[in-house]
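What follows is a set of notes on a single structure, which appears directly below.
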Amino acid sequence: MKRPALSWNAEVRLALAALALLLAGSPAPAQELRLPVKDGSIRFAVIGDTGTGSTAQYDVAKQMIAFHAKLPFEFVIMVGDDLYGGSSADDYRTKFEQPYAALLSGKVKFYASLGNHDNPDERNYKDWNMSGQRFYTWRASPGGLGKLDNPGVRFFALDTNYMDKPQLDWVESELKKSSSEWKIAFFHHPLYSSGRTHGSSLDLRAQLEPLFMKYGVSVVLTGHDHFYERIKPQHGIYHWVCGAGGSLRKGDIDRGTGLTEVGFDTDYSFMLVEIDGTDLYFQAVSRTGQTVDAGVIHHEPFPASAAPSPLPPSPGSTPVAPAPVSPGPPKGSPAPVVSPSPSVSPSPPASPSPKPSPAVKTSPTRRRPATPRRSPSPRPSPKPSPTPPP
Amino acid sequence: MMRERAVLLTLSGLLAGAGCSATSKESLVPPQTVEMDAETLRKFQHEVEEYVELRQKVLTKIPPVTTKATPDQIAAHQKALTEAIVAYRKGAKRGEIFGPEVEAAVRRTLHRAFSAPDGPALIKEIKSGNPTVEGNPSARDPTKEVKQPVTLTVNTFYNSAAPFSSVPPSLLLKLPLLPDQVRYRFVGRALILRDTEANVILDYIPEVVPDPSIPR
């Protein structure tokens, strides 16, 4: 008997709706992990501009949870705009606690910086580990506090909503004190961005970049522009914009800035990072679990600088763009604070610097096992040692 | 009548006692330089100190918030703080903190900054997050934005759903340094003084940003 077309369509719709519900209720299947998962490495995720409470934010969170099963990262860096549209108790619940519930219950710690949509009193929220400070620093090292001989990785969370003199003094003082091999700064407003909506924060760059260059910051993680962008190295510093964890401005990357190494502005995303000694591996993942960027940067023992090399794509994965060395600020980029060196080595700031010139060298492509191995006996997890501002 | 005299006042020494470290010769951080005569600056600092004292008094009368607070505790504290400040400052008027001399000095400073070669870049950053320019991503479709209006009136609530404008660091280095409890912000073309944690506009100076493309 021939079914009426309307009835058949209705059945198909029902079946599709049921399938969609099933998929929505379970974490999205994670795609391939492109990080090596080395013993004793420091692993974390980076998200930004998340706090919309939208389906997209929840989708990204599901991918983070799925990837956490493959790369058990210890903490998550939040680069601001953690809650949009207010900070009522309900906002915290629906825009943070619920989407990341599985990570929170798995003891994954979140370290927040605040964006221009965040109320400053969010610094008191227990699960953002800011200890009531709008700018703070902590160190993550393999083996935790017991391994004091290991300089580890030091993170600097800044409040770029209000970069006043006390904070600038604090940044300089803390960067100067730190002997960590990796100094990673994270905050909301990007010093470099190809965003048509916002773009590079030039005034902020003029204040912070000389400090980062003089005191050896290697990596800067930001948001504000709602997409993923890995910037060509600027004066030996690697800048990321990770602002699509819950918000998106489709097509907002201006490809004409010359700043973009890899950009992704067609869907939501987050980033995974693994640091093993002098290597920092990264993988940016879309809402659907596709890898949109991956690679490794190598950091010579301080003060020598980092040089990137691409991870070879694994079979079945999305090909990602290579990460070539950029000798300096690209043509067409806004005027740098200091003059670039004519050679492949970015120059130090024009200001007095006691450190030798950091050299970017084109390292040979680093090899890694074709299939990342899970660590059979993980070492103690990295334990952060917080240092609140004075 | 005392002749007003604009002096370049380096505040680093003055502020050392307030927890601000002095700028050393080795530092890359520029000094805090405020173009305001000493008496005007003192008046402004006095008004701000009075507000901070009032705020301290309010804090003793409401439930405290710790640095390991729950969302309910934070929200309750902010609500209580905001309401109490508005009640204590009932009848407050524009110009009580930004007095006439202070306002004139601030206008001169901002005019000079916006007229400089990097003025357009400063204005671009001020637009970022400015609630008359930028909205919030919609929860239904975060690729779309919804603006949240802020009413520019002294001692009223700053819409808690609205974003905050950027205040470029180079401007902060030229304006009088504020204690942690108070912030400069921009709403439209106006410079406002807002309590850092309570959603209250304490005072404002209208029409300081010379860009007609920014809605009032």
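The values are calculated or read from the model by the stated rules, or taken from the named source; none is laboratory data. Bear in mind the structure is a predicted one, so any value in this text is a computation, not a measurement. Here Cβ is always computed from backbone atoms with ideal geometry, including for glycine, and neighbour counts include all displayed protein chains. Note: accessible area is taken over every heavy atom of the protein model, side chains too, but ligands, DNA and RNA are not part of it. Shrake-Rupley method; radii C 1.70, N 1.55, O 1.52, S 1.80 Å.
I'd like the mean, over residues of A:205-218, of how many other protein chain beta carbons sit within 10 Å of each residue's own Cβ.
Shielding by partners across A:205-218 averages 2.
Whole number in Å², please: accessible area per residue of the range A:54-154, 1.4 Å probe, ligands, DNA and RNA not counted.
On the way: 2850 Å² over 101 residues.
Accessible area per residue, the range A:54-154: 28 Å².
Would you mind checking A:95/A:250; A:183/B:144; A:126/B:127; B:93/B:147; A:62/B:124; A:95/B:68 for any pair whose Cα atoms are more than 24 angstrom apart? Let's see the in-between values first.
Working: A:95/A:250 21 Å; A:183/B:144 35 Å; A:126/B:127 31 Å; B:93/B:147 27 Å; A:62/B:124 36 Å; A:95/B:68 19 Å.
Going by Cα-Cα distance, A:183/B:144; A:126/B:127; B:93/B:147; A:62/B:124 fall outside the 24 Å limit.
Identify which of B:65, B:182, B:133 has the largest mean-square fluctuation in a Gaussian network model of chain B, with springs joining Cα atoms closer than 10 Å.
Highest fluctuation among the options: B:65.
Given a 1.4 Å probe and every protein chain left where it sits, what share in percent of the accessible area of chain B is carbon and sulfur? Kindly include the intermediate steps, with their values, before the conclusion.
Details: 5730 of 10170 Å².
That share works out to 56 percent.
Long-range amide H contacts for residue B:202: which residues qualify at under 5 Å (H placed 1.01 Å from N, peptide plane, sequence gap of 5 or more or a different chain)?
Under 5 Å from the amide H of residue B:202 lie the amide H atoms of B:155, B:193, B:194, B:195, each far enough along the sequence or on another chain.
With +1 assigned to the C-beta of every Lys and Arg and -1 to the C-beta of every Asp and Glu, and no other charges, what is the dipole magnitude of chain B about the Cα centre in debye, to the nearest 20?
On the way: 28 positive and 25 negative charges, 62 e Å.
Dipole about the Cα centre, nearest 20: 300 debye.
To the nearest 100 Å², how much accessible surface do chains B and A hide from each other in total, with a 1.4 Å probe? The partial results should precede the final answer.
Numbers: alone 12500 and 16280 Å², together 24180 Å².
Protein heavy atoms only, the B-A interface buries about 4600 Å².
As a test of the formula, what do you get for chain B when each DSSP H run with n ≥ 4 contributes -39,500 (n - 2.57) and the sum is divided by the residue count, at 222 nm and rounded to the nearest 500 deg cm²/dmol?
On the way: 6 runs with 73 residues, N = 216.
Only helices count here, giving -10500 deg cm²/dmol.
Taking a spot 7 Å from the Cα of residue B:111 along the direction of its beta carbon, which residues of the range B:193-216 have an amide N less than 15 Å from it?
Answer for the range B:193-216: B:206-211.
Name the long-range amide H neighbours of residue A:182: under 5 Å, sequence gap of 5 or more, or other chain; modelled H, no Pro or chain starts.
Counting only residues 5 or more places away or on other chains, the set is A:154.
Loop-only GluC sites (Glu not before Pro) in the range A:225-306, please: DSSP not H, G, I, E or B, and at most 11 other Cβ atoms within 10 Å.
Values: sites: A:229, A:261, A:274; in loops: none.
In loop regions of the range A:225-306 (DSSP not H, G, I, E or B), there are no sparsely surrounded GluC sites (Glu not before Pro).
Take chain B, connect every pair of alpha-carbon atoms lying under 10 Å apart with a spring to form a Gaussian network, then pick out the residue of B:198, B:139, B:75 with the largest mean-square fluctuation.
Top of the fluctuation ranking is B:139.
Taking square-rooted eigenvalues a ≥ b ≥ c of the alpha carbon gyration tensor, is the range B:39-205 rounded, prolate or oblate, where a/c under 1.5 means rounded and, failing that, a/b exceeding b/c means prolate? Spell out each step's value before the answer.
Values: a/c = 1.94, a/b = 1.09, b/c = 1.79.
Because a/c hits 1.5 or more and a/b fails to exceed b/c, the range B:39-205 counts as oblate.
Counting only other chains, and only Cβ atoms inside 10 Å, what mean value do you get across the residues of A:239-250? Kindly include the intermediate steps, with their values, before the conclusion.
Details: counts 0, 0, 0, 0, 0, 1, 0, 3, 6, 5, 5, 1.
Mean partner-chain Cβ count within 10 Å for A:239-250: 2.
Taking the range B:109-216, which GluC sites (Glu not before Pro) meet the DSSP loop condition and have no more than 13 other C-beta atoms within 10 Å? All intermediate terms of the calculation are to be shown ahead of the outcome.
Working: sites: B:125, B:134, B:145, B:197, B:207; in loops: B:134, B:197, B:207.
Filter output for the range B:109-216: B:207.
In terms of modelled amide H atoms, which long-range or inter-chain residues lie less than 5 Å from the amide H of residue A:260?
The answer is A:232.
With a/c under 1.5 counting as rounded, go ahead and sort the range A:71-215 into rounded, prolate or oblate using the C-alpha gyration tensor (a ≥ b ≥ c being the square roots of the eigenvalues; past the cut-off, prolate if a/b is larger than b/c, else oblate). Could you put the intermediate results ahead of the total?
Values: a/c = 1.83, a/b = 1.09, b/c = 1.68.
It comes out oblate by the Cα gyration axes.
In whole Hz, what ³J(HN,Hα) sequence does the range A:217-230 give by Karplus (6.51, -1.76, 1.60; θ = phi - 60°), x for Gly and Pro?
Per-residue couplings from phi come out as 6, 9, 9, 10, 10, 9, x, 6, 7, 8, 6, 9, 8, 9 Hz.
Using a 7 Å offset from the Cα along the Cα-to-Cβ direction at both residue A:196 and residue B:42, what is the distance between the two label points in nm, to one decimal?
5.5
Using the Karplus curve 6.51 cos²θ - 1.76 cosθ + 1.60 with θ = phi - 60°, what ³J(HN,Hα) values do you get for each residue of the range A:117-124, in whole Hz, with x for Gly and Pro?
9, 9, 6, x, 6, 5, 5, 8
Taking each residue of A:127-136 in turn, how many C-beta atoms of other protein chains fall within 10 Å of its C-beta, and what is the average? All intermediate terms of the calculation are to be shown ahead of the outcome.
Numbers: counts 3, 0, 2, 1, 2, 5, 1, 2, 0, 0.
Per residue, the number of nearby Cβ atoms from other chains is 2 on average.
Can you put B:27, A:179 in order of accessible area, largest first, using a 1.4 Å probe?
On the way: B:27 25, A:179 100 Å².
Listed by decreasing accessible area, they come as A:179, B:27.
Over the range B:39-205, what is the relative contact order in percent, taking alpha-carbon pairs closer than 8 angstrom and at least six residues apart?
Details: 227 pairs, mean separation 38.0, N = 167.
In percent, rounded to a whole number, it is 23.
In whole Hz, what ³J(HN,Hα) sequence does the range B:111-124 give by Karplus (6.51, -1.76, 1.60; θ = phi - 60°), x for Gly and Pro?
4, 4, 5, 6, 8, 6, x, 8, x, x, 5, 5, 5, 4
Picking from B:85, B:153, B:64, whose Cα lies most toward the positive end of the charge dipole for the range B:39-205 (charges on Cβ: Lys, Arg +1; Asp, Glu -1)?
Looking along the dipole axis, the top candidate is B:153.
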